[in-house]
Every structure is written in C-alpha cells, then in structure tokens.
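Worksheet for the structure shown next.
The values are calculated or read from the model by the stated rules, or taken from the named source; none is laboratory data. Values in this document were obtained by computation on a predicted structure and should not be read as measured data. Positions of Cβ are generated from backbone atoms using ideal geometry, with glycine treated the same way; all protein chains shown enter the neighbour counts. Ligands, DNA and RNA are stripped out before the accessible areas are found, and what is left, the full protein with its side chains, is counted by its heavy atoms. Shrake-Rupley method; radii C 1.70, N 1.55, O 1.52, S 1.80 Å.
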Amino acid sequence: HWHMIPLFTAQPSGKNMEDATSSNPQSIGFTEKLKSWLSWSWTYICAVWFAMVLTMIYVLRSPLKLQDTLTSASVFLNTLTPKFYVALTGTSSLISGLILIFEWWYFRKYGTSFIEQVSVSHLRPLLGGVESSTTTGLFSSVNGEAEPRPSCKVWRNPLNLFRGAEYSRYTWVTGKEPLTYYDMNLSAQDHQTFFTGDTQQLKPEDTVMQKAWRERNPQARIRAAYQAIEMNHECAAAYVLLAEEEATTITEAERLFKQALRSGKREQRVQDQITTGKDINLLVYIKRRLAMCARKLGRIKEAVKMMRDLMKEFPLLGMLNIHENLLEALLELQAYADVQAVLAKYDDISLPKSATICYTSALLKARAVSEKFSPEAASRRGLSTAEMNAVEAIHRAVEFNPHVPKYLLEMKSLILPPEHILKRGDSEAVAYAFFHLQHWKRAEGALNLLHCTWEGTFRIIPYPLEKGHLFYPYPGCTETADRELLPSFHEVSVYPKKELPFFILFTAGLCSFTAMLAMLTHQFPELMGVFAKAVSLSSSFMYWIAGLEDHPQSNS
C-alpha cells in the first residue's frame with residue numbers, strides 16, 4: 001500500500017502560467033525547441049559519432065592505405081622485444097594502482113567514488129539526463145510541499161530508567177558507568193529548561209536547583225536538593241531530584257514523587273495564580289514517573305489509567321511520547337486490541353515514526369500468522385495475504401531502524417538504555433529491545449518469522465547509502481551521535497556499511513590484471529612475446545581478409 005501513495009508536486013497557478021507564456025511566446029517556444037534538440041543530440045551523439053567514424057574509415061580505406069599501415073604495424077610488433085611488453089604492462093599496472101589509491105582515499109573521505117561523482121554531476125547533465133529524486137512522493141505533504149529531511153536530533157527516552165534505583169545499582173554490581181557524560185549533560189539541560197522556567201522569576205530555591213542540575217557529582221546534586229527543601233519545604237523540583245537519584249528502590253522513588261506531587265499542588269494553591277508553563281511541565285513529569293513506578297511495581301492497570309488520563313489532560317504534549325509508555329504497558333497486559341487502537345491514532349503518515357510504533361505494528365501483524373508459519377510451507381505454497389502483510393510490516397520496521405533485529409534475536413547483547421536516544425540509531429534500538437523483547441517472546445513464532453524475513457529488507461533497498469524505500473535515506477550521522485550516547489564498553493552497531501563503488505572495483509580488477517600480466521611477462525618473456533605476436537597477427541589477418549573481400553580481383 002505504501003507504493004500507492006500519490007505524488008504531490010506544487011504547480012504554478014493558471015494566471016501566472018498565462019502571463020509567462022503571453023509575454024514572449026515565440027522566444028519561449030524557440031528556447032524549448034533548442035533545449036529539446038540539444039538534449040536529443042547529446043543523448044545519441046555517441047552512436048552517431050561512432051557510425052560516422054566507421055563510415056569514414058570504410059570510404060577512405062584506399063586513400064589512407066590501411067593495408068600498408070597494417071602491414072607496417074605487424075612488422076613493427078614483430079620486432080618488439082619482451083622488455084617492451086614488461087615495461088608496457090608495468091607502466092599500466094602502476095597507473096591503475098595510483099588511480100585505485102586515489103579513488104580509495106576519496107571514498108574513505110567523502111563516501112563516494114570520484115569518477116562516479118564527476119560522471120553524474122557533470123557528464124550526465126550534458127547528455128540530457130535528469131537526476132531523479134528518490135524521496136519525492138512518499139514524503140510529500142498534502143499541501144504539495146516536500147517535508148524537510150529529518151536530522152540527527154536527539155530525543156528524550158520515554159522509558160528512561162531511574163538513576164538511583166536502576167542505573168546506580170548496575171554500577172554497584174559491575175563497576176561500569178551505564179551513562180555517558182554527554183547523555184547526562186543533555187538531561188541536565190532538559191531539567192533546567194522544563195523545571196526552572198523564566199529566569200527573571202526565579203525564587204531562591206529555584207536558583208539552587210538550577211545549580212543542582214549542573215553539578216557533575218551526584219552527592220553534590222543531592223546536597224543541593226536538601227538545601228532547596230530547607231529554603232522551601234514545598235519545593236517539588238527538589239523532591240523530583242531526590243526521587244531520581246537518592247532513592248535506591250522504586251518504592252522509595254514512588255513515595256518521593258508523591259511527595260513532590262503534593263508539594264507542587266499545595267504551592268499552586270498558596271500562590272493562587274494561573275499555572276505557568278514551568279508548573280505544567282513539572283506536573284506532567286511527576287505524573288508520568290508515578291505511572292512508570294506503578295508499571296515497574298506490577299500495578300499495570302493503574303499505570304495504564306494514569307497514562308490515559310495524562311494524555312487526555314495534556315493532549316498538546318505529544319512530543320513527550322507518552323503513548324510509547326502506554327503501548328508498552330498495554331502489551332504487558334496483552335490487550336492487543338487496545339494496542340491496535342493506539343497505533344491507529346499515532347501510526348499516521350503525517351506523524352513522526354519511532355521504533356516502538358513500527359515494530360509494535362509488525363509484532364501485531366506477525367502475531368496473527370506466526371503460530372502456523374513455516375518457511376518450508378511458505379516456499380511451497382507461497383505467502384498468504386496475512387503473511388504478506390506481516391512480512392511487509394517487518395520490512396518497514398527494519399528499514400526504519402535496522403539495528404533492532406539483532407537485539408530481539410539475541411545476536412547481540414543488551415545494555416541499559418540511555419536517557420536520550422537517536423531515532424533510527426543504535427541507541428533507539430537498545431531502548432526498544434530492552435523493554436519489548438519479552439513481548440516478542442510471548443507471541444509464539446513471532447521471533448521465528450522475524451528471523452526468516454528481516455534480512456530481505458536490504459535486498460529491497462538497492463543502495464542503502466543513497467536511496468530509501470518507505471522512509472528517507474538512512475542518515476549518515478547516526479554513528480557519531482550513538483557513540484556519544486552509548487557507553488564505551490558497548491559495541492555500537494553501524495548501518496549501512498559503505499559499499500565499494502563500481503569504479504573502485506573496476507580499477508582494482510584492472511590493476512590486478514595488469515600486474516599479473518607484468519609478472520608473467522617478466523617471468524616468461526618468450527612465451528608472452530609469442531602470445532602478443534599471435535594476437536597482433538590474428539588482428540592483421542582479419543583486416544587482410546576484409547581487404548580481400550573488398551578487392552576480389554587481387555586474389556588472382
């Protein structure tokens with residue numbers, strides 16, 4: 001169905017077109033004819049030129065004395081020594097080797113072949129070719145304007161763990177730091193932006209909390225939170241920090257978040273003023289973390305209700321991706337009908353995608369056919385409609401984020417997810433698989449179907465570095481961002497692997513072939529000399545036969 005999306009392009013209005021054509025119709029018509037003629041001539045000029053050269057050679061074969069020229073050329077070739085062939089092949093091998101080294105250096109630096117880039121950028125327009133857009137159509141808005149390509153923007157992980165109750169426990173056991181400084185610095189910036197609001201209206205405790213978020217030492221942040229509470233016992237942001245970092249269990253974190261919620265509401269009643277943006281952000285954050293605490297403590301239905309109420313109360317805060325928390329909780333309840341209802345609302349072509357949306361959709365479709373799916377039976381009878389829909393959904397999900405299948409199939413070990421993720425990157429794959437692997441295992445046969453079909457995605461996309469099939473081409477900046485978000489002990493998954501262009505392979509083959517000829521000529525000069533003379537004599541003999549056919553009387 002994705003192939004049936006119409007192509008929307010902006011067209012000029014009728015009035016503007018009439019004005020443009022009525023201004024100077026003769027000049028415009030002549031210009032268009034000239035352009036079309038030049039385009040046609042450059043397209044077929046190579047074939048015309050080649051035919052003209054052959055015709056001229058055939059007509060001028062007698063005045064040019066081609067027969068005598070071929071005879072003298074054969075005599076010259078017969079007098080050449082093996083040293084000449086050694087020098088010729090060696091020089092050719094050296095030149096092709098230098099070209100190969102330059103091509104390889106250019107490819108490593110810019111990701112493309114120099115010869116290919118020159119031919120596409122300069123020669124193709126001269127020959128009348130038009131570079132087609134690979135993304136127009138699938139990614140055009142309903143207004144006809146192409147949507148901007150997504151950049152490597154870092155997003156807050158909707159399912160990020162608790163620092164004190166989860167990340168710190170991992171550090172105590174393994175001695176490894178699961179969070180990078182870059183990741184924690186992004187979180188500090190988020191907290192400053194969401195919880196402190198306008199700097200001109202800062203209270204003393206808000207000033208202390210601003211410094212607390214910037215502290216690199218966890219103990220210094222906790223001391224600053226207690227200092228803010230001493231200034232104001234109703235400082236909700238301070239309780240949030242203690243719940244995130246000082247609490248060593250989810251139960252204790254939930255207690256502190258409830259205290260933060262009571263303090264925030266009580267402070268609003270005392271001020272008796274309209275809730276500001278800072279207060280709304282803090283309130284939404286606290287309620288969301290309370291819902292996540294209920295989810296982690298096994299109170300799934302309560303967590304689902306809290307998430308639904310939060311989405312209804314603040315519908316404009318869709319950028320927080322609370323629906324991803326809701327999808328994971330509904331999957332834990334095995335409420336697949338409710339999951340499908342949420343997907344129907346958020347899996348829209350005009351909305352940004354995520355690994356959670358794409359892979360959850362694939363899971364639901366795979367679950368419907370995975371129990372009875374068999375690769376052998378499918379190869380004999382073909383895929384049914386439901387199986388084809390499931391395979392297409394898997395291909396769609398894998399194209400969006402190709403790193404996820406290796407984690408779901410346990411071909412690569414999982415780590416704790418970071419606090420920020422990069423969509424379509426390895427960080428997003430780790431965050432998704434960390435929470436959703438159990439849901440794939442619960443659906444019998446779903447992982448088997450994924451194992452049999454996920455690699456077929458890469459055969460659908462002919463050039464992963466340049467083109468996309470259902471989504472934009474895969475961003476090339478994901479590797480750098482993922483290495484900053486993920487810890488150093490984790491092996492970052494890189495996709496796509498840069499494929500060697502044709503001209504590099506061709507140059508490598510030419511270099512190897514000429515080098516082999518040079519080596520053989522040096523080792524067996526007499527034999528290679530005989531071979532070269534035989535080739536030259538055979539070509540001369542064919543020209544001589546052609547000359548006899550043109551002048552039959554000379555046969556006598």
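Taken together, E455, E428, E419 contain a single residue that is charged (D, E, K, R), under 16 Å from the mean Cα position of the chain (by Cα) and open to solvent by less than 20 Å² (accessible area, probe 1.4 Å), which is E428. Against the conditions (1) out of contact with any Gly (no Cβ under 9 Å at 6 or more places or on another chain); (2) without any contact (Cβ under 8 Å) to a residue 60 or more places away in the chain, C452 satisfies every one except (2). Among the residues making up region 314-355, a single one is in contact with an Asp or Glu (Cβ under 7 Å, 6 or more places away or on another chain) and not small (G, A, S): L330.
Hey, among R169, R221, R216, which residue is assigned to a helix (DSSP H, G or I), out of contact with any Cys (no Cβ under 8 Å at 6 or more places or on another chain), open to solvent by 50 Å² or more (accessible area, probe 1.4 Å) and farther than 25 Å from L327 by Cα? None of the others qualify; the one that does is R169. Could you tell me whether region 229-237 includes any residue that is small (G, A, S), at pLDDT below 90 and surrounded by fewer than 20 Cβ atoms within 10 Å (Cβ to Cβ)? Looking for residues that are small (G, A, S), at pLDDT below 90 and surrounded by fewer than 20 Cβ atoms within 10 Å (Cβ to Cβ), one finds none in region 229-237, hence no. Looking at E392, is it open to solvent by 10 Å² or more (accessible area, probe 1.4 Å), within 19 Å of T457 (Cα to Cα), outside the structural domain of L320 (by the TED database) and touching a His at 6+ places or on another chain (Cβ under 8 Å)? Answer is no for this residue. Taken residue by residue, region 346-369 has at least one member that is of a type in the set (A, V, I, L, M, F, W, C), over 21 Å from R424 (Cα atoms), open to solvent by 10 Å² or more (accessible area, probe 1.4 Å) and touching a residue at least 12 places away in the same chain (Cβ under 8 Å). For T193, are the conditions met, namely being in the same structural domain as K287 (by the TED database), farther than 22 Å from L320 by Cβ, of a type in the set (S, T, Y) and open to solvent by 20 Å² or more (accessible area, probe 1.4 Å)? No; evaluated as a whole, the condition is false for this residue. Within region 474-495, residues that are under 10 Å from S427 (Cβ atoms) reach partners that are surrounded by fewer than 21 Cβ atoms within 10 Å (Cβ to Cβ) and among the basic types (K, R) with beta carbons closer than 6 Å, at six or more positions or on different chains, in the pairs V492/R483. Taken together, the criteria exclude E410 from residues that are on the phi < 0 side of the Ramachandran plot and in the same structural domain as G456 (by the TED database). Listed by first and then second residue, the pairs linking a residue in region 404-415 that is of a type in the set (K, R) to a residue that is in a helix (DSSP H, G or I), with Cβ atoms under 6 Å apart and 6 or more places separating them unless they lie on different chains, are K412/K406. The condition of being within 30 Å of I349 (Cα to Cα), assigned to a loop (DSSP other than H, G, I, E, B) and at pLDDT 80 or above holds for only one of F435, F471, that being F471.
Restricting attention to region 289-320, the residues being open to solvent by less than 30 Å² (accessible area, probe 1.4 Å) and out of contact with any Lys or Arg (no Cβ under 8 Å at 6 or more places or on another chain) number 7. Does A341 fit the bill of being surrounded by 19 or more Cβ atoms within 10 Å (Cβ to Cβ), in a helix (DSSP H, G or I) and not charged (D, E, K, R)? No.
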